[in-house]
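The values are calculated or read from the model by the stated rules, or taken from the named source; none is laboratory data. Just so it is clear, the structure is predicted and the values come from calculations on it, not from any experiment. Here the Cβ is made from the backbone with ideal geometry for all residues, glycine too, and neighbour counts use every protein chain on show.
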Amino acid sequence: MADNTYYNPKDLRKFGKITEWSEELGTKFFDYYGKVFEEGALTAREKSLIALAVSHVVKCPYCIDAYTKDGLQRGVTKEEMMEAVHVGAAIESGATLVHGVQMMNKHDKLSM
């Protein structure tokens with residue numbers, strides 16, 4: 001069976017080419033992106049774990065691949081990776097469920 005997927009893993013290597021269609025904005029994005037991932041109050045390792053969790057929440061297979069690899073290179077364990085994914089999932093689930101309050105309020109208002 002072929003390894004055909006909607007997302008081609010090889011496309012991640014083409015990401016830098018986005019500047020070809022919009023040089024100014026692409027360059028600004030990559031400058032910003034590079035600055036964000038510099039060591040600061042958070043270590044590069046911590047930022048990699050955050051990026052991995054967010055990658056799952058926004059469901060970006062390219063980012064998942066990139067930050068799994070990046071995390072491995074930074075010594076992040078599989079347990080740490082999965083825990084970060086669970087943190088992202090919990091926040092995403094909570095954000096969905098808390099909107100249930102809006103539904104409850106609307107229901108109560110309309111049911112009066």
- prompt: List, please: which pairs have Cβ atoms under 9 Å, are six or more places apart or on different chains, and start with a residue in the stretch 13-33 that is farther than 22 Å from residue 61 by Cβ and end with one that is small (Gly, Ala, Ser) and at pLDDT below 95?
  reply: none
- request: Return the residue satisfying two criteria in turn: it lies in the stretch 54-87 and is farther than 22 Å from residue 5 by Cβ and in contact (Cβ under 8 Å) with a residue 24 or more places away in the chain, and of such residues it is surrounded by the most Cβ atoms within 10 Å (Cβ to Cβ).
  value: 84
query: Looking at the stretch 34-48, which of its residues are charged (D, E, K, R) and either closer than 18 Å to residue 63 by Cα or in contact (Cβ under 8 Å) with a residue 40 or more places away in the chain (or both)?
result: 35, 38, 45, 46, 47
message: Condition first: among the polar types (S, T, N, Q), more than 15 Å from the chain's Cα centre (by Cα) and at pLDDT 95 or above. Can you find one or more residues in the stretch 44-65 that meet it?
response: no
- prompt: Checking residue 51 against (1) within 30 Å of residue 14 (Cβ to Cβ); (2) loosely packed, with under 15 Cβ neighbours inside 10 Å; (3) of a type in the set (A, V, I, L, M), which single condition isn't satisfied?
  reply: (2)
